[in-house]
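The values are calculated or read from the model by the stated rules, or taken from the named source; none is laboratory data. Model, not experiment: these values are computed from the prediction. Note: ideal-geometry Cβ built from the backbone for every residue, glycine included; neighbour counts use all protein chains shown.
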Amino acid sequence: MSSTEQDEIEKSSAPLIEHLIELRKRLIWSIGGFFGAFLVCFFFAKQLFNLLVVPFKWATQWAGLDPQKVELIYTAPQEFFFTQIKLAMFGGMVIAFPLIATQIYKFIAPGLYKNERAAFLPFLIASPLLFLLGASLVYFFFTPMVMWFFLAMQQAGSADQVQISLLPKVSEYLSLIMTLIFSFGLVFQLPVVTSLMARVGLLTSKALAEKRKWAIVIAFVVAAVLTPPDPLSQIGLALPTIILYEISIITARMIERTRAKEEAARQEEAADPEHSSPETPA
């Protein structure tokens, strides 16, 4: 191997090693943040679970029942323990998400231009806020509504009817509310994703508007897959998805108008002779 080839290999390997070191640093911060949040959530797992049961209590009030008699069960000795671990992992990921997103941004930011970093930063802030908005909608409205729907199926005992009561398992209730929170939080990222794609030119408002009918169909299909098999939660997820899709179209149009104005300003500046460099006198 010649000395020239050796020099080229050394020049190319140095940035790679630096990138790997930087990647390791960002992974350590992300994993450390998640593990710390996991430990905190596991320590307060019972309190967090009781907090998640509050929408169930609201549903019992809507159904005309006593919220003080809300009861959840577990049928395996280890079930509630693993439920707490699952809850701690979910809570740890939610709490550590801003830190993880920040580490991802810091890793890719050196490879972006200054205007690209400025354009990417608002979406980094908007993403967790939209996720919290979707999770709040689940907690304060859709979970009580879904549980009220299931409570309405109970049957009071009588001479010719057997009593049928809802006694949810702790693991199944947690899976239900986690699925709803994840589904709504994911759907509420739609404006962020489409806006980023529109900013880099991968999507246009015209293309989004033309695919509106398909988007409505896909919204109901995704809602049927991600939510429990009841019409209330499925419609409750599909309608916000459609509204967010319309917001995405409006946002894409605003981005296109801003880009067109900036392009027109650059062309005008290039055509203006006052901005051209003066000729050097002889």
> Considering only helices (runs of 4 or more DSSP H) fully contained in the range 179-227, which possess at least 2 residues that are within 19 Å of ILE243 (Cβ to Cβ), in contact (Cβ under 8 Å) with a residue 60 or more places away in the chain and within 16 Å of the chain's Cα centre (by Cα)?
Replying inline: 190-199
>> Being surrounded by fewer than 17 Cβ atoms within 10 Å (Cβ to Cβ), over 26 Å from the mean Cα position of the chain (by Cα), within 28 Å of GLN84 (Cβ to Cβ) and without any contact (Cβ under 8 Å) to a residue 24 or more places away in the chain: is that true of SER158 here?
In response: no
> When the residues of the range 164-178 are filtered to those that are of a type in the set (Val, Ile, Thr) and assigned to a helix (DSSP H, G or I), which remaining residue is farthest from the chain's Cα centre (by Cα)?
Replying inline: VAL170
> Quick check, is ILE17 among the β-branched types (Val, Ile, Thr) and either farther than 24 Å from LEU137 by Cα or at pLDDT below 90 (or both)?
Replying inline: yes
>> Need pairs with beta-carbon distance below 9 Å; first residue under 27 Å from SER127 (Cα atoms) and within the range 78-96, second polar (S, T, N, Q) and assigned to a helix (DSSP H, G or I); sequence gap 6+ or separate chains.
In response: LYS86/SER171; LYS86/SER175; ALA96/SER30
>> Could you check the range 247-281 and list, in sequence order, the residues that are modelled with pLDDT under 85 and under 28 Å from ALA135 (Cα atoms)?
In response: ILE255
> Only one of LEU232, LEU244 is closer than 23 Å to SER183 by Cβ, modelled with pLDDT under 85 and either loosely packed, with under 11 Cβ neighbours inside 10 Å or aliphatic (A, V, I, L, M) (or both); which?
Replying inline: LEU232
> Cβ-Cβ below 8 Å, separation at least six or inter-chain, first residue in the range 52-63 and more than 23 Å from CYS41 (Cβ to Cβ), second hydroxyl-bearing (Ser, Thr, Tyr): which pairs?
Replying inline: ALA59/THR143
>> For the condition on the phi < 0 side of the Ramachandran plot and either among the polar types (S, T, N, Q) or surrounded by 12 or more Cβ atoms within 10 Å (Cβ to Cβ) (or both), what is the one hit in LEU20, LEU27?
In response: LEU27
